Each structure stands twice: as structure tokens, then as C-alpha cells.
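Derivation of every value follows stated rules applied to the coordinates shown; laboratory data play no part. These numbers come from a predicted model, not from an experiment. Counting neighbours? That spans all protein chains shown, and the Cβs are built from the backbone with ideal geometry, glycine included.
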């Protein structure tokens, strides 16, 4: 079922790109902008967020309504807006094993001599456009306007929380690791990842379908659990994954002085010598392989990796329990998706 919905979402997204090119005359305004948005939006992706919105809607609605898939795309547009800003902040030239949007712009403006702007300026503007399009697209579904308004408030609040989470994480890079608690880490995970990627799509879809408050609240809790599991798994991959062509090097989070659950737990369980080594590594602007291997060994030896992996299992088990209680008519579909499609 996931693959069927994803295929339809991919088709809907391509149609959407064609529509905005015509509706806003993007080719006339700027061929560079038009071509770059098309290339970036159609460069791939799991369509996780729109899938969750559609699944939640279908789980509570007894009928199909026009515009559902287009509304679901709003969460994909919001996601791409956030990715653009992430890639600028992280100075990442890759996204989905392809050029990030600022890298696409860099290549397209390379023929111009001494422009008074750079590729990241253009990327910020493209992101702003996608955010505005996300808000406009969210209204596409043909349901009661009061439901759309309520769902849109949930959707936009998630965008605000994501910005807050990113902001907090950046300032954490200035803090020493001994001042960061596990509770602090989950607060950033919730705001940066859980709300916009899981909670908002699930709750927005349920609201649009007319679900009850108790059902919506349960899906919000489910989204937080799934988001935490997703982010912890992402942190593990970020530190240990050596897959060729991946977007991030294993040392990227360390160079960004990111205070992940893995690193903070390892620090807490370390003796003084390794505590100082972790502190020193997080202060470095360049991380070599020796630094990386030392941190990886500490994470393993302190049991931090085992602790994080157990957390993921516990979060997923709790999530499956909530899905079972959710009242979703298609809960088996969501359970299967969580087990197989999220790679958790």
C-alpha cells in the first residue's frame, strides 16, 4: 500500500511542479529558478510525511475526497523548505545523493562574472517560495473550511517548532556537553524532527477527516515517539555509516559539536580521561579519522550504542501499542509501514 500511495504522490508532485510553472510564469520570471525548483523537488525522497497524512485521513474518513493528495504534498514542500535551510546551515553540497539546491544554483550562476549575490542567497529565496506554496497547497482538500483551518494551525505550528529546534541545536554547539541532559536532547528531537515529520502529518490528516480530540492527541504522542526513534537511528547512521555516496561524513556531527543522545550518553558513562577526549573533539574544527575512531570506540565501550539501539526498540514497541489503540481503520497499514519502511 505504501508503494502505491508513494507512486501516486510522485505523479501528483510532478503535476504540481508543472502547474506552478504555468500559474506563476516561472519560466518568464527566471528560467534558472524554474529549472532548479523542478530538479530539486523531483530528485527523489520517501514521501514519508505526505504518506502519513493520507494514511491518517483515510483511517478516519469513510469517503474519498478531492484534493487529498495535493494537500498531503504541502508536508513534502515544508520538508523541502527545511532541507534547503539545513543544507545551508550544515554547508552540505549533497541531498539524496544529488546536489543540494544551493549547489545546483552555484553551477547555474558560475557563468556570470562577479555576481553581487551567491548561491546560498538564491537557495534561501527558493526555500521561502516553497514555504509559501506549502501553505497555499494545504487548502486544496475539499472538506469543511473549519477543519482545514484547524489542521493548518497544527501544520504551521510544526514549522515554527522546527525553527525553534534548529535554533536551539545551534546554540547547543556553544555549550559544554556536561550541561546537556537527555531531557534537553529529546526536547530538540521533538521540535526539530518529530513534530513536522510525524506528529503534524498524522494529526493534520486526522483533523481533516473529523477525528475526535482523543484520537488526535494519541496520534500526536505517536508522532513524538516515532520522531525520536527516527532521529536516534539517524544519529547512529551519522556516526557509524560508511556507505559510499552518503550525504554526510561520519565526522560531520562531531565537527558541528552536535550533542546527540549517543555522544551525551557516552560522555556521562565515561571516566575522566575519555570525558576530556570527547570535550576536546567537540571543540575541534576539523576531525580526522583518528578522532572519529576514538569517539566510535568510546560510544561502543560505554554501552551508549547499545543504549541508543534499545531506546529505538522501546520507542517502536510503544508506538505500535499506540497505533493499536488509535481507532484507525487502516492501522495494519501504518504498523507495517513503521516496521518495514522507516528502516528503524
- Query: Where Rh is the Kirkwood radius over the Cα pairs of region 157-289, the temperature 20 °C and the viscosity 1.002 mPa s, what D in µm²/s does Stokes-Einstein return?
  - Reply: 133 µm²/s
- With an 8 Å cut-off on Cα pairs and a minimum separation of 6 or more residues, tell me the relative contact order of the chain in percent. 19 percent
- Item | Per-residue [θ]222 nm for the chain (sum of -39500 (n - 2.57) over DSSP H runs n ≥ 4, rounded to 500) | -23000 deg cm²/dmol
- Task: Can you pull a Stokes-Einstein diffusion coefficient for the chain at 37 °C (0.692 mPa s), Rh from Kirkwood over Cα pairs, as a whole number of µm²/s?
- Result: 154 µm²/s
- Query: So how compact is region 1-60: Cα radius of gyration and Dmax in angstrom?
  - Reply: 13.9, 43
- Item | Dmax and Rg, reported as Rg then Dmax, of region 52-175 (C-alpha, Å) | 17.7, 59
- Note on the structure: region 269-344 and region 116-155 have their Cα centres apart by a whole-number Å value of 31 Å
- Task: Kindly put 190, 87, 318 in sequence by how many other C-beta atoms sit within 10 Å of each C-beta, fewest to most.
- Result: 318, 190, 87
- Item | Kirkwood-based shape ratio for region 68-112, expressed as Rg/Rh from alpha carbons | 1.10
- Task: Name the most mobile residue of 48, 320, 31, meaning the one with the largest mean-square fluctuation, in a Gaussian network model of the chain with Cα contacts below 10 Å.
- Result: 31
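Given Cα positions, please report Rg to Rh for region 86-127, the hydrodynamic radius being the Kirkwood one.
That ratio equals 0.97.
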- Note on the structure: D (µm²/s, integer) via Stokes-Einstein for region 1-126, Kirkwood Rh across alpha-carbon pairs, 4 °C, 1.567 mPa s: value 82 µm²/s
- Fewest Cβ neighbours within 10 Å first, please rank 196, 2, 189, 112 accordingly. 112, 2, 189, 196
- For the chain, set up a Gaussian network in which alpha carbons nearer than 10 Å are linked by springs, and say which option among 201, 66, 99 fluctuates the most. 66
- Task: Specify the residue with the greatest mean-square fluctuation among 298, 185, 32, computed from a Gaussian network of the chain linking alpha-carbon atoms under 10 Å apart.
- Result: 32
